[in-house]
1. In the stretch 77-124, which residues are open to solvent by 40 Å² or more (accessible area, probe 1.4 Å) and at pLDDT 95 or above?
2. Return yes or no: is K44 crowded, with 24+ Cβ neighbours inside 10 Å, touching a helix residue (DSSP H, G or I) at 6+ places or on another chain (Cβ under 8 Å) and among the charged types (D, E, K, R)?
3. Any idea how many residues of the stretch 186-221 are touching a His at 6+ places or on another chain (Cβ under 7 Å) and open to solvent by 30 Å² or more (accessible area, probe 1.4 Å)?
4. Please go through the stretch 146-163 and pick out each residue that is under 22 Å from S60 (Cβ atoms) and open to solvent by 40 Å² or more (accessible area, probe 1.4 Å).
5. Taking only the stretch 33-80 into account, find how many residues are in contact (Cβ under 8 Å) with a residue 24 or more places away in the chain, farther than 18 Å from A111 by Cβ, within 16 Å of the ligand (Cβ to nearest atom) and of a type outside the set (A, V, I, L, M).
6. Hey, can you tell me all the residues within the stretch 47-72 that are in contact with a strand residue (DSSP E or B) (Cβ under 6 Å, 6 or more places away or on another chain) and either open to solvent by 50 Å² or more (accessible area, probe 1.4 Å) or outside any strand (DSSP E or B) (or both)?
7. Scan the stretch 125-145 residue by residue and report those that are more than 16 Å from the ligand (Cβ to nearest atom) and open to solvent by less than 60 Å² (accessible area, probe 1.4 Å).
Amino acid sequence: MNLKSSNPKQIAAEQAVEYIQDGMTVGLGTGSTAYWAIQQIGKKVLNGLQIKAVATSIQSENLAKELGIPLIPFSEVEEIDVTIDGADEVDGAWNLVKGGGGALLREKIIASSSKQLIIVVDESKVVTHLGKFHLPVEVVKFGFELTRNKLSALGCEPKLRMVDQQPFTTDNGNYILDCDFKQINSPSECHDAINNIPGVVDNGLFIGMAARVIVGYQDGSVKELKLV
Ligand SMILES: O=C[C@H](O)[C@H](O)[C@H](O)COP(=O)(O)O
């Protein structure tokens with residue numbers, strides 16, 4: 001009997017956890033794929049894996065606590081050895097769109113301090129061009145309408161993210177504008193143009209940050225994505 005899960009997100013996440021070794025400081029991503037990585041790390045910790053972890057969201061921090069994964073304060077972190085996180089889109093150059101769950105800012109802070117960012121996705125996230133998934137942009141609440149106008153001027157349609165008829169608020173107390181660019185042809189330029197707008201805290205484009213991309217497929221296979 002084949003007991004291996006055929007959930008593509010789970011198998012990608014579990015493969016990524018194989019890169020974690022004793023003594024490492026590990027960044028815990030956010031979302032339904034990173035969830036499986038955290039679960040697997042929790043199992044390994046129970047079986048004696050010695051690591052310290054930092055989380056990219058309150059949600060992941062709570063999950064880590066439930067599973068007994070030792071968390072350390074950022075004041076004690078010098079460098080993170082490996083971070084495992086999901087993505088909403090990944091292209092052949094391993095550029096990413098992230099922030100579907102609203103965690104992009106903490107995720108980017110942690111990714112930028114990580115020696116290795118391993119991205120785990122199911123096959124539906126692999127795209128030729130970024131942009132079908134509306135790009136999340138975290139903005140401060142003050143004057144967000146003006147910030148939204150400036151984003152529109154870049155050629156997208158920004159929409160304030162709502163939850164239960166209320167604006168969604170990030171772990172950092174900010175709003176998210178989900179921007180429909182249709183297609184993002186120059187991810188790096190787009191990233192910089194957005195972050196140059198006053199009021200923007202950060203956007204969900206992660207350029208040149210991923211060290212590996214692990215993809216889980218419906219047929220139960222898992223592969224590392226080749227860099228094009
Ligand atoms: O803000 C959320 C994160 O960037 C997630 O890693 C991303 O949205 C992918 O989430 P999921 O694995 O649930 O599709």
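The values are calculated or read from the model by the stated rules, or taken from the named source; none is laboratory data. Here the structure is a predicted model, which means the values were calculated and not measured. Methodologically, a virtual Cβ is constructed for each residue, glycine included, from the backbone with ideal geometry; neighbour enumeration extends over all protein chains shown. These accessible areas exclude ligands, DNA and RNA; they are computed on the full protein's heavy atoms, side chains included. Shrake-Rupley method; radii C 1.70, N 1.55, O 1.52, S 1.80 Å.
1. Scanning the stretch 77-124 gives A93, G101, R106, I109, S112, S113, K115, Q116, E123, S124.
2. When the stated conditions are applied, K44 does not pass them.
3. Here is the first cut: in the stretch 186-221, the residues touching a His at 6+ places or on another chain (Cβ under 7 Å) are 203, 205, 207.
From what's left, open to solvent by 30 Å² or more (accessible area, probe 1.4 Å): 207.
So the answer is 1.
4. Across the stretch 146-163, the qualifying residue is only V163.
5. 3
6. Passing the criteria: I51, K52, S60, E61, A64, I69, P70, L71, I72.
7. Matches in the stretch 125-145: V140, G143, F144.
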